[in-house]
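The values are calculated or read from the model by the stated rules, or taken from the named source; none is laboratory data. Predicted, not measured: the structure shown is a model, and the values here were computed from it. Glycine also receives a Cβ, built like all others from the backbone with ideal geometry; neighbour counts cover every protein chain displayed.
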Amino acid sequence: MQNYKKHPFYERKTSKYSYFCRKMIQFKLEGEFIPLIQLLKATGLVGTGGDAQAVVMDGLVKCNGEVEFRKRYKVRIGDIITFEKDKIQVI
């Protein structure tokens, strides 16, 4: 029997307070836009680009309150990205 260790990224703990935001990250955008997967990596919410693509394709990321499945979604100033209990405000 092999011992498969779960990646800590996918271990999700829920509680009755899971709807509260854990932290609000303010990300200063230097250009016109940033692709969604690059934003998740730049803010440190995921470890690798592969992890970023996986969470987007699994529907775990919301852009302005709506689930976003596009990896190359262009995040612009004023957008709010939600992943798990964390929010990113693009300024």
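The selection criterion, being at pLDDT below 95, among the basic types (Lys, Arg) and either at negative phi or in contact with a strand residue (DSSP E or B) (Cβ under 8 Å, 6 or more places away or on another chain) (or both), holds for ARG72.
In the stretch 53-62, the condition of being surrounded by 11 or more Cβ atoms within 10 Å (Cβ to Cβ) and modelled with pLDDT under 90 is met by no residue. Could you tell me whether any residue of the stretch 31-51 is exposed (fewer than 11 other Cβ atoms within 10 Å of the Cβ) and modelled with pLDDT of 95 or more? So far as the stretch 31-51 goes, yes, one or more of its residues are exposed (fewer than 11 other Cβ atoms within 10 Å of the Cβ) and modelled with pLDDT of 95 or more.
Residue-by-condition table, conditions (1) farther than 17 Å from ASP86 by Cα; (2) of a type outside the set (A, V, I, L, M); (3) within 12 Å of the chain's Cα centre (by Cα):
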site	(1), (2), (3)
LYS28	no, yes, no
GLU32	yes, yes, no
LEU36	no, no, yes
LEU40	no, no, yes
GLY47	no, yes, yes
GLY50	yes, yes, no
GLY59	no, yes, yes
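Taken as a whole, the structure leaves GLU11 outside the set of residues that are over 13 Å from the mean Cα position of the chain (by Cα), at pLDDT below 95, closer than 16 Å to ILE88 by Cβ and loosely packed, with under 13 Cβ neighbours inside 10 Å. Residues of the stretch 69-82 that are surrounded by fewer than 19 Cβ atoms within 10 Å (Cβ to Cβ) and either assigned to a strand (DSSP E or B) or not hydrophobic (A, V, I, L, M, F, W, C) (or both): ARG70, LYS71, ARG72, LYS74, ARG76, GLY78, ILE80, THR82.
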